[in-house]
1. Skipping prolines and chain starts, which residues have an amide H placed within reach, meaning under 5 Å, of the one on Asp61, given they are 5 or more residues away or on another chain?
2. Check the straight Cα-Cα distances from Lys86 and name the aspartates and glutamates below 13 Å, setting aside those fewer than 8 residues away within the same chain.
3. Relative to the present Cα-Cα distance, how much length would full extension add between Ile17 and Lys43 at 0.36 nm per residue of separation?
Amino acid sequence: MQLTGRIKHALEQRKGISERSGKSWMKQEFVIETEERYPRRMKFSVFGEEKLREMNLAEGDVVTIFFDIDASQYNGTWYNEITAWKAEHSGKKPAPAPLTAPQIAPDAPADDLPF
């Protein structure tokens, strides 16, 4: 599956040591928002330091996320997990803040202009 949108939030990275293998792990979650008339948001995770470095996701990036969905049960409750395995950057960056001209009072004398 895939979804294209802008990364709205990059949540804090989590790290740990696997109890089974004893190896270290790293995971980070992101929120992506589609750029439609009625935007949709999705939280997804990226697992592994190498994958995080490869995807290089940052807030404001416009990307297409390729992901898998799985569900698991814990104490009788089901939880969804959305895990991204690939990201394609569109090359778009966040729009820069608009430039504003200096405000000059309408009754200011012409020789007070900055140029």
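The numbers here are math on the coordinates, done by the rules we state, and not lab data. Quantities reported herein were computed from a predicted structural model and do not represent experimental measurements.
1. Ile7
2. The reachable aspartates and glutamates, counting only those whose Cα sits under 13 Å from Lys86, are Glu50, Glu54, Asp68.
3. Numbers: separation 26, 0.36 × 26 = 9.36 nm, distance 2.35 nm.
Stretched out fully, the Ile17 to Lys43 stretch lengthens by 7.0 nm.
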